[in-house]
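In what follows, a structure is listed as structure tokens, so that the remarks can point back to it.
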Amino acid sequence: MEVVQLIGIAFVTAIAALVLKSAKPELALVVTIAGGIVLLLLTFDLFRGGIAIFEKIAETTGLEASFVKILLKMIGIGYLVEFSAGILNDFGQNSMADKLVFCGKIIILLLAIPIIESVLTLIVNLLELIR
């Protein structure tokens with residue numbers, strides 16, 4: 001049911017922005033940003049319940065909690081950057097949206113370094129066992 005609520009908010013926001021765009025273009029931007037913020041806040045509330053699932057997966061698989069936190073940060077950054085880039089594209093700022101996506105990818109890569117290091121260490125240890 002939450003998805004229907006999110007879709008409804010998105011459509012109401014889009015229609016309101018379209019109506020305001022011809023009369024008061026500056027308000028169309030504000031309405032769009034406000035609608036986006038409401039969508040993000042509702043989604044974050046849903047996401048909080050899902051974090052327990054990730055914690056259970058970490059316990060079951062024996063993953064370090066720090067790796068799960070890093071993965072969640074990477075996912076969050078990816079979604080936020082994509083969402084923000086979409087808003088920038090909506091307002092004709094395609095170049096800025098592309099730069100934002102590029103910066104988001106760099107941040108995700110930097111966050112992934114400890115995981116990459118751990119995987120490479122694991123591979124080296126496995127190779128030493130085989131010898």
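Could you tell me whether the range 48-63 includes any residue that is assigned by TED's automatic domain parsing to the domain that holds ALA14 and closer than 30 Å to ILE15 by Cα? So far as the range 48-63 goes, yes, one or more of its residues are assigned by TED's automatic domain parsing to the domain that holds ALA14 and closer than 30 Å to ILE15 by Cα. Of the set (1) of a type in the set (D, E, K, R); (2) without any contact (Cβ under 8 Å) to a residue 24 or more places away in the chain; (3) assigned by TED's automatic domain parsing to the domain that holds PHE91, all apply to LYS73 but (2). Taken over the range 1-19, the criterion of being surrounded by 13 or more Cβ atoms within 10 Å (Cβ to Cβ) and of a type outside the set (Val, Ile, Thr) is satisfied by LEU6, ALA10, ALA14, ALA16, ALA17.
Regarding LEU6, is this residue within 20 Å of GLY86 (Cα to Cα), under 18 Å from the mean Cα position of the chain (by Cα), part of a helix (DSSP H, G or I) and free of Cβ contacts under 8 Å to residues at least 60 places away in the same chain?
In short, yes.
When the range 60-88 is filtered for residues that are at pLDDT 80 or above and either of a type in the set (D, E, K, R) or on the phi > 0 side of the Ramachandran plot (or both), the ones remaining, listed by number, are LYS69, LYS73, GLU82.
Considering the range 14-131, the qualifying helices (runs of 4 or more DSSP H), each wholly inside and each with 2 or more residues that are closer than 23 Å to VAL3 by Cβ, run over 25-61, 65-90. Against the conditions (1) in contact (Cβ under 8 Å) with a residue 40 or more places away in the chain; (2) closer than 30 Å to ALA28 by Cα; (3) of a type outside the set (S, T, N, Q), ILE115 satisfies every one except (2).
Would the range 67-83 turn up any residue that is surrounded by 11 or more Cβ atoms within 10 Å (Cβ to Cβ) and basic (Lys, Arg)?
yes
Condition check for LEU41 on (1) of a type in the set (A, V, I, L, M, F, W, C); (2) within 15 Å of the chain's Cα centre (by Cα); (3) surrounded by 13 or more Cβ atoms within 10 Å (Cβ to Cβ): one failure, at (3).
The values are calculated or read from the model by the stated rules, or taken from the named source; none is laboratory data. These numbers come from a predicted model, not from an experiment. A quick note on method: Cβ atoms are made from the backbone with ideal geometry, for glycine too, and the neighbour counts reach across all protein chains shown.
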